[in-house]
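J.: Let me begin by handing over the structure; questions about it come next.
The values are calculated or read from the model by the stated rules, or taken from the named source; none is laboratory data. Just so we're clear, the structure is a prediction, and the values are computed from it rather than from any experiment. For neighbour counting, all protein chains shown are included, and Cβ atoms are generated from backbone atoms with ideal geometry for every residue, glycine included.
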Amino acid sequence: MAPEFSYQDLLPIGEDKTEYRLLSSDGISKFSADGKEFLKVSPAVIENLTEVAIHDISHYLRSEHLAQLAKILKDPESSPNDRFVALDLLKNANISAGGVLPMCQDTGTVIVMGKKGQQVLTTEKDELSISKGVYGAFTKLNLRYSQLAPISTWEEKNTGNNLPAQIEIYSDTDHANEYNFLFIAKGGGSANKSFLYQETKAVLNPKSFLTWLDEKLRSLGTSACPPYHLVVVIGGTSAEFTVKTAKLASTKYLDSLPTKGDAKTGHGFRDLELEKEILKLTQEIGIGAQFGGKYFCHDVRVVRLPRHGASLPIAIAVSCSADRQVKAKITKDGVFIEKLETEPAHFLPATTDEDLDKDEVKIDLSKPMADILANYLSTQQKLE
Ligand code: SF4
């Protein structure tokens with residue numbers, strides 16, 4: 001007898017606990033039809049949201065990412081190299097948060113995923129509105145253009161505005177009057193560390209799998225600027241779904257997946273135990289944050305997917321030190337974008353007397369400015 005029918009999304013993500021900030025309430029209107037409330041969103045709203053999203057991910061990081069860098073500085077097991085890299089990346093984050101220079105010279109390929117509720121209406125092709133936003137951001141901000149148009153199979157030309165972007169829009173029945181987005185800017189080095197392996201059941205046991213993975217992780221190397229957010233996806237209904245799941249997991253989009261499988265529906269889940277084991281493995285490999293140490297990876301996500309009995313696709317992907325992604329949504333209450341850290345200075349270690357050398361000029365702020373200046377000039381003269 002056939003088992004009872006049962007349905008679950010392949011990637012059943014849970015409640016969205018993202019903290020958002022309101023961008024605007026303009027350009028959104030409501031109307032009712034057939035007893036349902038519809039949202040009408042003007043193209044300018046999507047264009048502006050995209051432009052802000054590209055700005056934000058080019059300059060700001062998530063607080064969790066910055067906290068992970070700060071943790072490296074405090075960990076007594078970090079190598080001097082780990083600490084050097086973490087401190088430099090924190091300084092870099094502070095420069096980029098100034099809003100002039102982006103966090104990385106490789107400003108990335110723009111990848112946008114939209115989930116459009118069935119009761120959301122737009123009046124222009126959404127891919128066009130999003131592309132206009134990408135164009136606006138890349139032509140107004142100090143962002144490098146990386147996209148090469150193929151003119152013939154052998155000849156290429158930079159498009160001069162970082163278009164085209166990869167834009168994928170899905171229909172969403174779970175949030176019928178919301179339009180949800182994920183914006184990513186993926187650098188070439190980081191994208192190059194996305195791998196698909198067509199394996200067999202022979203690696204589907206803990207010992208063989210970890211031996212297999214150890215070799216693959218060593219071959220990842222450091223050219224995508226670790227510490228990495230590492231993802232391993234095991235299984236998949238197709239090769240492309242396995243790799244796409246790895247990309248989504250690398251942005252933390254799948255963090256709320258269930259943590260157990262289900263024989264009835266076969267949905268994907270996160271294996272938290274294996275995540276811990278793999279993180280330990282990455283710490284013991286010794287590559288560290290670029291020049292040897294413990295912090296090859298900040299964290300690990302493992303997603304297990306259903307598979308055809310004759311296939312075992314496995315994907316490995318990373319999000320690099322330019323960990324650029326942001327969620328956004330358009331609802332009846334307005335346009336919202338995920339809050340990123342705009343003031344990362346508090347993640348930097350405090351400067352103490354030990355960081356000063358003997359040549360520093362001591363300034364007593366309780367004295368009048370004339371006295372401070374006189375003291376400054378005489379100290380400078382002594383030093384010269
Ligand atoms: S791997 Fe990431 S941090 Fe390194 S250059 Fe590429 S985008 Fe920048």
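J.: Quick one: which of 114, 160 is assigned to a strand (DSSP E or B) and small (Gly, Ala, Ser)?
T.: Matching residue, one of 114, 160: 114.
J.: Separate question: Can you pull out every residue in the stretch 226-236 that is away from the ligand (no atom under 16 Å from the Cβ) and either assigned to a helix (DSSP H, G or I) or touching a Gly at 6+ places or on another chain (Cβ under 9 Å) (or both)?
T.: Those that are away from the ligand (no atom under 16 Å from the Cβ) and either assigned to a helix (DSSP H, G or I) or touching a Gly at 6+ places or on another chain (Cβ under 9 Å) (or both): 233, 235, 236.
J.: Here are some conditions: (1) within 16 Å of the ligand (Cβ to nearest atom); (2) surrounded by fewer than 17 Cβ atoms within 10 Å (Cβ to Cβ); (3) in the same structural domain as residue 135 (by TED's automatic domain parsing). Residue 176 meets all but one. Which one does it not meet?
T.: (1)
J.: Taking the stretch 97-120, which residues are within 11 Å of the ligand (Cβ to nearest atom) and without any contact (Cβ under 8 Å) to a residue 40 or more places away in the chain?
T.: Selection gives 105 alone.
J.: Is at least one residue of the stretch 327-341 farther than 21 Å from residue 240 by Cα, assigned by TED's automatic domain parsing to the domain that holds residue 259 and among the acidic types (Asp, Glu)?
T.: No, the stretch 327-341 has no match at all.
Okay, residues lined up against (1) in a loop (DSSP other than H, G, I, E, B); (2) touching a residue at least 24 places away in the same chain (Cβ under 8 Å); (3) in contact with a helix residue (DSSP H, G or I) (Cβ under 6 Å, 6 or more places away or on another chain); (4) not assigned by TED's automatic domain parsing to the domain that holds residue 102:
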| position | (1), (2), (3), (4) |
| --- | --- |
| 182 | no, yes, no, no |
| 198 | no, yes, no, yes |
| 212 | no, no, yes, yes |
| 224 | yes, yes, yes, yes |
| 244 | no, no, no, yes |
| 257 | yes, yes, no, yes |
| 266 | yes, yes, no, yes |
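J.: Now a separate question. Pick out the one residue from 42, 78 that is over 24 Å from residue 342 (Cα atoms) and surrounded by 20 or more Cβ atoms within 10 Å (Cβ to Cβ).
T.: Selected residue: 78, the only one of 42, 78 that is over 24 Å from residue 342 (Cα atoms) and surrounded by 20 or more Cβ atoms within 10 Å (Cβ to Cβ).
J.: Scan the stretch 145-174 and report the pairs whose first residue is closer than 21 Å to residue 134 by Cα and whose second residue is part of a loop (DSSP other than H, G, I, E, B) and of a type in the set (Phe, Trp, Tyr), with Cβ atoms within less than 7 Å and a gap of 6+ or a chain change.
T.: Once the first residue is closer than 21 Å to residue 134 by Cα and sits in the stretch 145-174, its partners that are part of a loop (DSSP other than H, G, I, E, B) and of a type in the set (Phe, Trp, Tyr) give 158/145; 159/145; 160/145; 161/145; 162/145.
J.: Taking the condition of being touching a Ser or Thr at 6+ places or on another chain (Cβ under 9 Å), more than 11 Å from residue 317 (Cα to Cα) and surrounded by fewer than 24 Cβ atoms within 10 Å (Cβ to Cβ), how many residues in the stretch 220-233 meet it?
T.: The number of residues fulfilling the criteria is 1.
J.: If residue 203 meets every condition in (1) under 30 Å from residue 328 (Cβ atoms); (2) crowded, with 16+ Cβ neighbours inside 10 Å apart from one, which number is that one?
T.: (1)
J.: Can I ask one more? Of the conditions (1) more than 16 Å from the ligand (Cβ to nearest atom); (2) among the hydrophobic types (A, V, I, L, M, F, W, C); (3) closer than 30 Å to residue 70 by Cα, residue 90 satisfies every one except a single condition; which number is it?
T.: Looking at each condition in turn, residue 90 falls short on (1).
J.: Would you mention how many residues in the stretch 129-141 are over 13 Å from residue 49 (Cα atoms) and surrounded by fewer than 22 Cβ atoms within 10 Å (Cβ to Cβ)?
T.: Qualifying residue count for the region: 3.
J.: Quick check on this structure: which one of 239, 191, 249 is within 16 Å of the ligand (Cβ to nearest atom) and touching a residue at least 60 places away in the same chain (Cβ under 8 Å)?
T.: On inspection, the qualifying residue turns out to be 191.
J.: Considering only residues that are within 16 Å of the ligand (Cβ to nearest atom) and not in a strand (DSSP E or B), which ones fall in the stretch 289-333?
T.: 289, 290, 291, 295, 296, 320, 321, 322, 323, 324 - these are the residues of the stretch 289-333 that are within 16 Å of the ligand (Cβ to nearest atom) and not in a strand (DSSP E or B).
J.: For residues that are assigned to a helix (DSSP H, G or I) and modelled with pLDDT of 95 or more, scanning just the stretch 334-368, find the one that is surrounded by the most Cβ atoms within 10 Å (Cβ to Cβ).
T.: 344
J.: Determine whether residue 207 is within 16 Å of the ligand (Cβ to nearest atom), closer than 28 Å to residue 274 by Cβ and either outside the structural domain of residue 120 (by TED's automatic domain parsing) or in a loop (DSSP other than H, G, I, E, B) (or both).
T.: So residue 207 does not fit the description; no.
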